[in-house]
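K.L.:
Can you read through this structure? Questions will come right after.
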Amino acid sequence: MTLLSPGIEIIEKDFSTIVPNVATGVGGIAGRFSKGPINTPVLISSEDELVSVFGEPTDLNANEWHTAAEFFKYTNACWVVRSANSGVANAVTSGVSSVTILNRDEYDAITNTQRNNAGEFISKEPGTNGNGTGIIVVDASTWTAFSAWSSTNAGLFPNSKPLSDYFNVLPGTSSYVQGKAQDLTAKNDEVHILVIDVNGHITGVPYTILEKYEGLSKASDAVNYQGLSIYYVNVLNEGSSYVWWSKHPTATTGGNDIAIGSTAFDVAPTNKTFAQINIVASPNFYTATMEGGVQGTPSTISEVQTAYDKLKNKDLYDVNLFMCGAFSVGSVGQLEQYVIENIVNYRKDAVGFVSPHTNGAPIKDGTSANTTVAAFKTSVALNDTDASYGFMDSGMKYVYDRYNKKYRYIPLNGDMAGLAARTDSTNDPWWSFGGFNRGGIKNVIKFAYNPDQTDRDYLYPKGINPVIMDASAGPVLFGDRTMTSKPSAFDRINVRRLFIVLEKSISLAAKYSLFEFNDNFTRAQFKNMIEPFLRGVQGRRGITEFLVKCDASNNPGDVIDRNQFVASIYVKPAKSINFITLEFVATRSDVAFSTVIGR
């Protein structure tokens, strides 16, 4: 705006842009879990939450389940994805036809025919865990029958409390419908809903109330005083952990009845009632138990890979540490190779953690253990250049599985990713997480393979990090190499993770230079934004020197004419100590130390 007469104009210009901090220490893993949404990443923060969402470990999924659980011993953020089983199906209320709905996208895509065949409700839990989940829906017309039945059968329920006592008032007419109808006297749109663990499959106690919904509406446009939907279909689909809506219960539809799912505006200027649920058979109110869920056959290698693919998009999921578990599906190292080449190398902002195994079983101490471990690494790192985004340990550890009351070997890559996450918290991502200061491993009875010095000398140059049981310090990670055998700065995990942080942080800041002019001002502004960030990393011992070059020399006219912008950032990464030489010299009593040192 330009003033044409005396006045004051205030203009703000923001030159305070900085390089942002980025999240580190967030894990990612896919597994053949027994419950939970399929092919849908869920951010889990603890082992207890892992059990709640994805179930307890089984013999089938113990390796990947415990990999995630061990990660939570060091930190508290991991994206977890359940892979699909072949032939898996959801439980339904009709008992006529099951349906397969792996996630919300698939629910939105089901046809009306599938809805009608499935009945009124579908389990959100693909597999058998939805079997035995009960649904009760009552409105004004069925409340009396429901109340009488729940009182008679109160002994079925925990603390012998009648179901009708779980609600504060009878279902009637919502404030929304009363307000919309005004003097048109529309009424009885409310429903109360209970979701019940009929057989105790979920909670361990039959007839436990899982969810309660009071005062929901049959009107599709109904909202509460906060403007949030109270339409029972929306509330269940968005809020329930157990059920999808499929179709409305059978209801009376006389001349003065408003169909369930209509809006409150459908009220004509006559005395109308929202259609009332019409259940003729005993117990004379809507109640159903979902059945027909099928677990299916265990996931194939392609189905596990598909689950990992759900974390491939770095714009949606900020994952830094991918764990590979130790899957028995596919050929040797096939899943691990897929994660390294197709997930972390595609994203280029994360590290993939790998543990050697034989078809999911441990490689144990023996004369050929070192060559077997090395052969596994070769099968994973087919492209050695890509392997700088991979980190491989030397095997598996022995732990007690308290859920199945048995001891078992599980892969160490959950611990390795956990050490990295813990180091991010205590230091910075560019610090090595190996060694006696930061590489101590939790929850170890013994290692399947405990490489000695000879084995370590064989494995370490190949990019395999030994995990050992030290007599004084206990279980410890004894290396910090990436999986690449190419001699470069990127054969160390602290350097690889340093560059991940630098590239990610600076690229986030650089996007604010898009669509600006490529001139001296923009280039100076960019340089002044980057250099303080790099000084901060230097001050925290991540780099020893740096140089930012962004001027006319690397942005000549032809670069500008192509609408490009070039900044060259040179850094000297700090190097971790891998080898220590202690030189002890004995001298005669009459020899001065200065004389010996001089020699």
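K.L.:
Has segment 459-475 got any residue that is part of a helix (DSSP H, G or I), outside the structural domain of ILE577 (by TED's automatic domain parsing), touching a helix residue (DSSP H, G or I) at 6+ places or on another chain (Cβ under 9 Å) and crowded, with 18+ Cβ neighbours inside 10 Å? Reasoning before the result, please.
P.N.:
First, pick out the residues of segment 459-475 that are part of a helix (DSSP H, G or I): 459-462.
The next check asks that each one be outside the structural domain of ILE577 (by TED's automatic domain parsing); those that pass are 459-462.
This time we only want the ones that are touching a helix residue (DSSP H, G or I) at 6+ places or on another chain (Cβ under 9 Å), so: 459, 462.
Filter once more, so that each one left must be crowded, with 18+ Cβ neighbours inside 10 Å: 459.
Yes: segment 459-475 contains one or more residues that are part of a helix (DSSP H, G or I), outside the structural domain of ILE577 (by TED's automatic domain parsing), touching a helix residue (DSSP H, G or I) at 6+ places or on another chain (Cβ under 9 Å) and crowded, with 18+ Cβ neighbours inside 10 Å.
K.L.:
Further, regarding this structure: Among the residues of segment 386-402, which ones are more than 13 Å from PRO362 (Cα to Cα), of a type in the set (Ser, Thr, Tyr) and touching a Phe, Trp or Tyr at 6+ places or on another chain (Cβ under 8 Å)?
P.N.:
Once the filter is applied, which keeps residues that are more than 13 Å from PRO362 (Cα to Cα), of a type in the set (Ser, Thr, Tyr) and touching a Phe, Trp or Tyr at 6+ places or on another chain (Cβ under 8 Å), segment 386-402 yields SER388, TYR400.
K.L.:
Also: Scanning segment 481-507 for residues that are among the polar types (S, T, N, Q) and in a helix (DSSP H, G or I), which turns out farthest from PRO573 (Cα to Cα)?
P.N.:
Going through the qualifying residues, I end up with SER507.
K.L.:
Would you check which residues across segment 235-280 are assigned to a helix (DSSP H, G or I) and either closer than 23 Å to ALA89 by Cα or at pLDDT 85 or above (or both) and list them?
P.N.:
Across segment 235-280, the qualifying residues are VAL235, LEU236, ASN237, GLU238, GLY239.
K.L.:
Also: Does segment 416-449 hold any residues that are over 20 Å from LEU498 (Cα atoms) and touching a Lys or Arg at 6+ places or on another chain (Cβ under 8 Å), and which are they? Let's see the steps before the verdict.
P.N.:
The first filter runs over segment 416-449 and keeps only residues over 20 Å from LEU498 (Cα atoms), leaving 436, 440-449.
The answer is ILE441, LYS442, ASN443, VAL444, ILE445, LYS446, PHE447, ALA448, TYR449.
K.L.:
Output the residue which, of all residues in segment 478-506 that are under 24 Å from the mean Cα position of the chain (by Cα) and of a type in the set (D, E, K, R), is surrounded by the fewest Cβ atoms within 10 Å (Cβ to Cβ).
P.N.:
Ranking the candidates gives GLU503 first.
K.L.:
Six or more apart or on different chains, Cβ atoms under 6 Å: show the pairs whose first residue is in segment 49-68 and in contact (Cβ under 8 Å) with a residue 24 or more places away in the chain and whose second is surrounded by fewer than 24 Cβ atoms within 10 Å (Cβ to Cβ) and among the acidic types (Asp, Glu).
P.N.:
Between residues of segment 49-68 that are in contact (Cβ under 8 Å) with a residue 24 or more places away in the chain and residues that are surrounded by fewer than 24 Cβ atoms within 10 Å (Cβ to Cβ) and among the acidic types (Asp, Glu), there is no close pair.
K.L.:
Cβ-Cβ below 8 Å, separation at least six or inter-chain, first residue in segment 508-520 and in a loop (DSSP other than H, G, I, E, B), second surrounded by 11 or more Cβ atoms within 10 Å (Cβ to Cβ): which pairs?
P.N.:
Listed pairs, sorted by first residue: GLU516/THR522; ASN518/ASN555; ASN518/VAL559; ASN518/ILE560; ASN518/PHE565.
K.L.:
Has segment 323-338 got any residue that is more than 23 Å from the chain's Cα centre (by Cα) and modelled with pLDDT of 95 or more?
P.N.:
no
K.L.:
For VAL177, all conditions in the list (1) at pLDDT 90 or above; (2) more than 17 Å from ALA145 (Cα to Cα) hold save one; what is the number of the exception?
P.N.:
Failed condition: (1).
K.L.:
Something else about it: Can you tell me how many residues in segment 555-590 are surrounded by fewer than 10 Cβ atoms within 10 Å (Cβ to Cβ) and either under 24 Å from GLU545 (Cα atoms) or not hydroxyl-bearing (Ser, Thr, Tyr) (or both)?
P.N.:
Number of matching residues: 15.
K.L.:
Next up: Any residue at all in segment 172-180 that's surrounded by 14 or more Cβ atoms within 10 Å (Cβ to Cβ) and either among the β-branched types (Val, Ile, Thr) or touching a His at 6+ places or on another chain (Cβ under 7 Å) (or both)? Outline the logic, then answer.
P.N.:
Here is the first cut: in segment 172-180, the residues surrounded by 14 or more Cβ atoms within 10 Å (Cβ to Cβ) are 172-178, 180.
From what's left, either among the β-branched types (Val, Ile, Thr) or touching a His at 6+ places or on another chain (Cβ under 7 Å) (or both): 173, 177.
Scanning segment 172-180 turns up at least one residue that is surrounded by 14 or more Cβ atoms within 10 Å (Cβ to Cβ) and either among the β-branched types (Val, Ile, Thr) or touching a His at 6+ places or on another chain (Cβ under 7 Å) (or both).
K.L.:
Report, by residue number, each residue of segment 552-599 that is touching a residue at least 60 places away in the same chain (Cβ under 8 Å) and within 30 Å of ASN528 (Cα to Cα). Quick ask: steps written out before the conclusion?
P.N.:
Initial filter on segment 552-599 (touching a residue at least 60 places away in the same chain (Cβ under 8 Å)): 569, 571, 573-576, 578.
Residues satisfying the conditions are ILE569, VAL571, PRO573, ALA574, LYS575, SER576.
K.L.:
Could you grab me the full set of residues in segment 272-290 that are more than 14 Å from ILE136 (Cα to Cα) and among the hydrophobic types (A, V, I, L, M, F, W, C)?
P.N.:
The answer is PHE274, ALA275, VAL280, ALA281.
K.L.:
I'm checking my understanding of the structure. Among residues of segment 67-117 that are β-branched (Val, Ile, Thr) and out of contact with any strand residue (DSSP E or B) (no Cβ under 7 Å at 6 or more places or on another chain), which one is modelled with the lowest pLDDT?
P.N.:
The initial filter retains those residues of segment 67-117 that are β-branched (Val, Ile, Thr), namely 67, 75, 80-81, 88, 92-93, 96, 99-101, 110-111, 113.
From the residues that got through so far, the ones that are out of contact with any strand residue (DSSP E or B) (no Cβ under 7 Å at 6 or more places or on another chain) too are 75, 96, 111, 113.
Details: THR75: 95, VAL96: 61, THR111: 89, THR113: 87.
So, considering only residues that are β-branched (Val, Ile, Thr) and out of contact with any strand residue (DSSP E or B) (no Cβ under 7 Å at 6 or more places or on another chain), the one modelled with the lowest pLDDT is VAL96.
K.L.:
Looking only at segment 386-400, decide whether some residue is free of Cβ contacts under 8 Å to residues at least 12 places away in the same chain, over 23 Å from ALA77 (Cβ atoms) and either part of a strand (DSSP E or B) or β-branched (Val, Ile, Thr) (or both).
P.N.:
no
K.L.:
Determine whether segment 374-385 contains at least one residue that is in contact with a Phe, Trp or Tyr (Cβ under 8 Å, 6 or more places away or on another chain), surrounded by 24 or more Cβ atoms within 10 Å (Cβ to Cβ) and more than 21 Å from ASN320 (Cα to Cα). It would help to see each step written out before you state the result.
P.N.:
Kept after step one, since they are in contact with a Phe, Trp or Tyr (Cβ under 8 Å, 6 or more places away or on another chain), are these residues of segment 374-385: 374.
Those left that are additionally surrounded by 24 or more Cβ atoms within 10 Å (Cβ to Cβ): none.
Looking for residues that are in contact with a Phe, Trp or Tyr (Cβ under 8 Å, 6 or more places away or on another chain), surrounded by 24 or more Cβ atoms within 10 Å (Cβ to Cβ) and more than 21 Å from ASN320 (Cα to Cα), one finds none in segment 374-385, hence no.
K.L.:
With respect to SER388, is the statement that it is at pLDDT below 95 and buried (at least 19 other Cβ atoms within 10 Å of the Cβ) true?
P.N.:
When the stated conditions are applied, SER388 passes them.
The values are calculated or read from the model by the stated rules, or taken from the named source; none is laboratory data. Just so it is clear, the model here is predicted, and its values are computed rather than measured. As a convention, Cβ positions derive from the backbone with ideal geometry for all residues, glycine included, and neighbour counts pool all protein chains shown.
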